[in-house]
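Read the figures in this text as sums done on the coordinates, not as results from a lab. These figures come from a predicted structure and were not determined experimentally. No Cβ is skipped: glycine too gets one built from the backbone with ideal geometry, and neighbour counts run over all protein chains shown.
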């Protein structure tokens, strides 16, 4: 019998393509034909060994692969998208943040540096025009820095709830029938209460401490800005 | 949040995800899962990982002959799959797609490493076949005889015996006709069978009574 025929017979038997009668004949042939038996035993040994190795390899765990896979998944989540049924973007961001602490610290430092630079620049910009008008806080001792009442910018008026500034004159025009709408802004000191002397003080100004100068200079700039904005808002109204 | 905690959160959603996935008529479950994976469903992603990672590892381990390299390659396969989320592309045969990536990566690695080293020149400690604890000499020889086959024959046997795919599934996966796969598999198995038969004759040892790795000094 040719080797190809042996292989074909063994293949048919292994793949279960033989009828029961053929299988019986095959078993009888195995006892009679040494070459067929040799090849068949080799096939059985081969299958058993390969399956044994497969079992050994399949029993290996891959924790590192799994954790790297999860990290890859976490990194792949779109920033605006919502995960379906698993983790929220927030948790993913938290995962990323824990591993990006050095980067975040660097970013925070950068923001801080930019903020400090901004204040330093604004300080310089305020000092320059005031120096031209002689209203300086320099070493000449002619300082006149007004005491200031710093107010936060006024919030936008609520729809339907006008401020007393506009209602009160209207009431007066209507004979005062309609009471003014109580508003927290009524209790606030008026804009004119900001005491800013128009003339320089007659008293010789004492040299100011460095911290005092800085504290006074910055609000001047801020207050002017707010005042300008308020004027614009009122003219709009 | 550690990756383990992330994994726990995912495993809680796995049951829910498993119930909700029902393959629509005319579409395979894999195609359904892959679509949801691309949409960002991480629970489905984990299911895909659990379904295919073992098979991919076995494939790479047998083709590359190294468990460590196989681990790296498997990770690379998953990274490539995850990258598809940002650049989605239609995949009709997910298993075939994954094994094609695995095949290309393994071929690249073999090419770069220049694995044309004769088997006899490899030290016993570095022998790629030493994977079964307490294996006999003959078993090791049988395992190493797989390396004597050509790449395509070896790949076929690995997919069939190690990864557990039927021949018709392999045909669909490799996009070749079932008859061609059948013929190739039969030929590869016959070749391996003869190698093993010759090895058994030459060693004259019965595999069960051979010297095991543990008995060796």
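Placing a pseudo-label 7 Å from each Cα along the Cα-to-Cβ vector at residue B:176 and residue B:201 gives an inter-label distance of 2.9 nm.
Peptide B:191-202 has a mean of 5 when you count, residue by residue, the C-beta atoms of other protein chains within 10 Å of its C-beta.
I need the shape label for segment A:3-55. Rule: rounded when a/c is under 1.5, else prolate if a/b > b/c, else oblate, with a, b, c from the alpha carbon gyration tensor. Taking the square roots of the gyration eigenvalues as a ≥ b ≥ c, segment A:3-55 is prolate.
Segment A:19-41 and segment B:131-177 have their alpha-carbon centroids 25 Å apart.
Neighbour counts of other Cβ atoms within 10 Å put A:123, B:30 in the fewest-to-most order A:123, B:30.
Panel order for B:59, B:162, A:6, by other beta carbons found within 10 Å of each beta carbon, from fewest to most: A:6, B:162, B:59. Ranking of B:182, A:120 by neighbouring Cβ atoms within 10 Å, starting from the fewest: A:120, B:182.
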